[in-house]
Amino acid sequence: MPIENIPAADLQLIVPNLHRRYSGVTATNRMVAPKLARLFRAAWFGSHAPDGIARMGVADLLTLWRRQRPLIWHARRNNEMIVGVILRALGWPFKLVFTSAAQRHHTWITRWLIRRMDAIIATSDVSASYLKCEAIVIPHGVDTDVYAPPADRAAAFAESGLPGRYAIGCFGRVRAQKGSDVFVNAMCRLLPRYPDFTAVLVGAVTPEQLAFANELNKRIEAAGLKSRIVITGELAIEQVQRWYQRLTIYAFASRNEGFGLTLIEAMSVGAALVASRAGAAELVVEDGVTGVLMPPGDVEAMVAALEPLMRDPQAAVAMGQRARERVLAKFSLDAEAGRIAQVYRTLV
């Protein structure tokens, strides 16, 4: 959608995405931005623009200098806060909003920037506790129409061409922080016992993580599971969404996380969930009902949590159905956008 369709004087919201590499922050931004664009006259500034929102460039941004009517600049990273603070100081009429998902103590520059925001949103109570200032807690949401259960999960898995009848997945960049090694080690233990299952790691292997990924491949080969533990590498978002629909079980193995969007994406497609207590897992998952919680980085605990679901795939299907119902009730994208819109309305 070209920015020409929105007169500069009418623009109400700029959604910056100043990060070239596709990341979890980008994914959450891409999902909610089109929903916000239905509520406000909005434009996307930066890379990876989604459909459903106008796109603006530097030339478009320059036309807003010295405009009288305020508009929202909603940052999700330090560099986006820095740009917002600088532009406002130079005469752009910005009201600055920052969303934080981090669950760690912030650097001095982040704290300095946060103090210059007009409103702060945290994605969980834990994230809010690290901000040392007043924040509004708004959990991430997921597009439950896009991340929907497949009409036929068995057929969706069969089209992958992988062996077995069921898929168990772990998504995200392949690295220690995401617990990729925990997942692989658990699969090396479990897959020989459950020949109907195949495991898949969906996510990019960045150059700095190549040695880590090579070590995982050596373990997989040593276990004789090269055809049943697959690392896909980076995929287009549409392919990732289809891989979700092939899953019977999802393993959230992160050692630490901001929110962990894959939690609600997997639940939304109706996959049973085994999740480490990282990110928003304890907020999202009802332990024993919509998923099973486990300590981060614990291979033995992951094996113990996954095995009953692999032994009884129908129990996994039933858990996945309950997980989908929870997402529909608590973590829809429309609910997230509506609550963010309330924050915007207090500022403009």
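The numbers here are math on the coordinates, done by the rules we state, and not lab data. Quantities reported herein were computed from a predicted structural model and do not represent experimental measurements. Cβ atoms come from the backbone with ideal geometry, glycine included; neighbour counts cover every protein chain shown.
Compute for the chain: radius of gyration divided by Kirkwood radius, i.e. Rg/Rh, restricted to C-alpha atoms, rounded to two decimals. Write down the numbers at each step before the final one.
On the way: Rg = 21.1 Å, Rh = 21.1 Å.
Here the Rg-to-Rh quotient is 1.00.
Of LYS95/LYS132; LYS178/LYS218; LYS35/LYS132; LYS35/LYS95, which pairs sit farther than 26 Å apart, going by alpha carbon to alpha carbon?
Details: LYS95/LYS132 21 Å; LYS178/LYS218 19 Å; LYS35/LYS132 30 Å; LYS35/LYS95 20 Å.
From the list (LYS95/LYS132; LYS178/LYS218; LYS35/LYS132; LYS35/LYS95), the Cα-Cα distance tops 26 Å for LYS35/LYS132.
Loop-located GluC sites (Glu not before Pro) in region 143-244 (DSSP state other than H, G, I, E, B) with a sparse environment of at most 15 neighbouring Cβ atoms within 10 Å: GLU159, GLU234.
The local environment of PRO34, defined by Cβ-Cβ distances under 10 Å, has a net charge of +1 under the rule Lys, Arg +1 and Asp, Glu -1. Within region 226-348, the proportion of Cα pairs with more than 26 Å between them is 24 percent. Inter-part distance, region 94-133 to region 277-326, computed on C-alpha centroids, equals 30 Å. Modelled spin labels at LEU90 and LEU347, positioned 7 Å past Cα toward Cβ, are 1.9 nm from each other. Shape call for region 150-192 from the C-alpha gyration tensor, a ≥ b ≥ c root eigenvalues: rounded (a/c under 1.5), prolate (a/b greater than b/c) or oblate? Because a/c hits 1.5 or more and a/b fails to exceed b/c, region 150-192 counts as oblate.
Rounded to the nearest 20 debye, the dipole magnitude of the chain is 900 debye, with +1 charges on Lys and Arg beta carbons, -1 on Asp and Glu beta carbons, and the Cα centre as origin.
One compactness figure for region 1-144 is 1.01, namely its Cα radius of gyration divided by 2.2 N^0.38 Å. Once the C-beta distance of LYS218 and ASP312 is scaled by a Förster radius of 45 Å, the resulting FRET efficiency is 0.90 to the nearest 0.05. Using C-alpha pairs under 8 Å with a sequence gap of at least 6, the mean separation divided by the residue count of region 171-285 gives a relative contact order of 28 percent. Three principal axis extents of region 153-330 based on alpha-carbon atoms, in descending order, are 41, 33, 33 Å. With helices as the sole contributors, the chain gives -12000 deg cm²/dmol at 222 nm; each DSSP H run of n ≥ 4 counts as -39500 (n - 2.57), and the sum is divided by every residue.
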